[in-house]
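Here the structure is laid out as structure tokens; the discussion comes afterwards.
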Amino acid sequence: MKRIFLILLFVFPLSLLSASLSYGQVQVRLRVFEASNVGTRIDSSLKDMRDQFKPLVDFSSYRLLKEETPTLYLNQSVSSPAHPGRKIELTLIRQHKNVADVRVKIQREEIDVLNTQVRLSPGRTISIGGPKHGEGVIIITLSAQF
Amino acid sequence: MNHEETQLISRCQQGDQEALKEIFDRYQKKVYRIAYGVVRHREEALDIVQEVFVKLFRSIKNFKGRSHFYTYLYRMVMNTAIDHARKMGKQFISSLDEEGSFEPSEEAGKWPERILLQKELEEKVKSAMEKLPAEQRAALIFREVEGLSYQEMADAMECSIGTVMSRLHYARKRMQELLKDYVGPQGQSGGPSNPLKEEGVR
Amino acid sequence: MTDSCSSVSKLLEKYFDREVTDKERLLVESHLQSCLTCRDTLMSMEGLRTFIKAPVEEAVQQEDFPWVWQKIDREIRSQEKGSWWQSLRSWMGLSPLFKKKVWIPAVATIATLLFISTQVIFKKIPSYSERSVVEYIESETYNIMVYESEKTKTTMIWLFDEEDQESSRS
């Protein structure tokens with residue numbers, strides 16, 4: 001019993017600290033994958049995405065190219081290559097509890113091919129798709145982990 | 001096997017992922033070439049490369065250094081690639097059947113005739129390769145794609161040089177029969193480096 | 001095909017693969033100067049090699065391997081995750097403690113107190129609407145459509161190439 005209370009005594013201030021730090025930052029999940037109608041292979045980590053997309057687009061094959069979970073801090077941009085030749089830049093604009101406004105820019109050779117600001121909330125996924133890649137298209141998904 | 005590679009392998013055997021990354025950097029293209037040579041499909045070839053290096057990391061403890069490392073690796077690639085080819089062969093062909101062609105018809109108008117013929121030829125080569133027994137296909141890929149010597153092929157395939165030559169001979173003979181409309185001196189007015197000229201495409 | 005062809009033809013493949021001895025090479029090369037059949041056979045082998053090799057080389061040139069490494073790295077790490085958790089558990093020595101059921105109400109009480117205290121300490125601010133929206137969107141190179149599905153809580157921004165649109169109209 002003594003050990004349990006010692007552990008909890010340690011955990012309590014940490015939880016206060018993490019609660020304070022959770023304002024002004026949000027961790028996001030960024031996935032880049034290729035969707036096509038060649039074959040029927042779906043990467044196991046993407047099966048949930050296929051069900052989400054079904055009302056909107058329906059490909060037979062989904063292949064994960066990249067996955068990252070960066071933490072965004074207020075007004076600080078984070079860049080990552082999205083797929084060959086393209087770069088995605090994320091900036092946390094505003095954050096309250098479980099709502100985060102994120103600016104998303106996709107650049108190709110220094111040109112902004114997309115500039116958008118989206119609002120992320122629990123369970124909501126933003127997807128950006130369409131650019132051709134190989135025999136299919138690239139789809140980028142963004143969601144927040146509150 | 002040089003000293004540097006021996007050290008890399010030893011580090012990898014102890015679970016050092018950085019060492020695996022270095023091995024990956026050295027061999028990624030060779031592994032991809034063999035994989036693509038067998039399956040002739042980009043995404044499957046990438047899957048094979050991924051599977052091979054994950055397998056390698058798990059099984060490299062079993063590598064005792066009695067053979068060259070590359071023969072150990074090439075054997076792994078070839079076995080994995082042929083397994084994939086067997087699994088995907090019917091699936092890929094049936095999806096082509098469903099579409100009716102290798103390209104949607106509304107797209108065909110956008111493609112130059114030369115590209116369409118190249119794609120047709122590529123499909124014929126792929127289909128012909130699938131008809132070869134696994135050992136003959138392996139011999140052909142090792143020789144024609146990767147340029148291994150007979151001795152290197154014998155090491156990788158764990159057989160004699162005579163067997164290597166025999167497999168190569170029958171593989172080439174079968175491929176020539178299956179591709180006789182494309183390969184052969186009667187069609188090659190432009191020379192072997194540009195086979196499409198035989199089709200009269202300018 | 002002449003008699004010398006039948007003896008040289010056995011060496012042709014070896015010659016093509018550059019596996020002949022110097023003596024064999026001279027024999028083949030002098031025969032090739034006068035034999036069209038054997039020259040044609042060599043050309044066929046060369047043609048076959050090109051058909052098999054050229055698409056592979058093209059594919060290798062176009063490939064971007066750092067992507068592949070990321071997937072390999074992730075796969076290896078996910079396979080190792082299970083063992084890390086087990087060693088962490090044994091390090092903390094928690095496993096015997098789970099056998100004592102008295103910790104359940106104690107932890108539940110503490111967790112509830114923690115939750116309430118963090119809510120009180122960090123004052124609630126009126127929240128935005130939780131419905132995700134696209135606040136603005138612009139593109140210099142694509143036409144854009146935005147789709148929303150409330151059922152799956154998905155917002156899809158689809159980018160169309162201008163040439164895709166022209167070809168679908170024509």
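All of the numbers you see were taken from the coordinates with simple rules; none came from a lab. Values in this document were obtained by computation on a predicted structure and should not be read as measured data. Cβ: placed from backbone, ideal geometry, glycine included. Neighbour counts: every protein chain shown.
Data for the structure
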quantity	calculated
Within the stretch C:1-63: Cβ-based charge dipole about Cα centre, in debye rounded to nearest 20 (Lys, Arg +1; Asp, Glu -1)	200
Additional length obtainable on full extension of the chain from C:Thr118 to C:Ile144, 0.36 nm per residue less Cα span	5.1 nm
Across B:Lys30/C:Lys71; B:Lys180/C:Lys53; A:Lys66/B:Lys124; B:Lys29/B:Lys180; B:Lys87/C:Lys151, pairs whose alpha-carbon gap is larger than 26 Å	A:Lys66/B:Lys124; B:Lys29/B:Lys180; B:Lys87/C:Lys151
Using alpha carbons only: equivalent-ellipsoid semi-axes of the stretch B:1-100, gyration tensor based, whole Å	31, 12, 11
Cβ charges +1 (Lys, Arg) and -1 (Asp, Glu), total dipole of the stretch A:37-122, debye	120
Efficiency of FRET from Cβ geometry, B:Glu4 and A:Lys97, R₀ 35 Å, rounded to 0.05	0.05
Pairwise centroid distance, computed over Cα atoms, of the stretch C:29-59 with the stretch A:61-115, Å	51
Per-residue ³J(HN,Hα) for the stretch A:134-146, Karplus 6.51 cos²θ - 1.76 cosθ + 1.60, θ = phi - 60°, Hz, x for Gly and Pro	x, 8, x, 10, 8, 10, 10, 10, 9, 9, 10, 10, 8
Within the stretch A:19-114, chymotrypsin sites (Phe, Trp or Tyr not before Pro) in DSSP loop having at most 14 other beta-carbon neighbours inside 10 Å	A:Tyr23
Calculated from backbone phi, Karplus (6.51, -1.76, 1.60) coupling profile of the stretch C:139-154 in Hz, x at Gly/Pro	8, 8, 10, 10, 8, 10, 10, 10, 10, 10, 10, 5, 4, 9, 6, 10
Estimated FRET transfer efficiency (B:Asp16, A:Ser44; beta-carbon r; R0 45 Å; 0.05)	0.95
At R0 = 45 Å, FRET efficiency that the Cβ-Cβ distance of A:Thr71 and B:Phe63 yields, to 0.05	0.65
Three-way shape call for the stretch A:24-145 based on the alpha-carbon gyration tensor, with the a/c threshold at 1.5	oblate
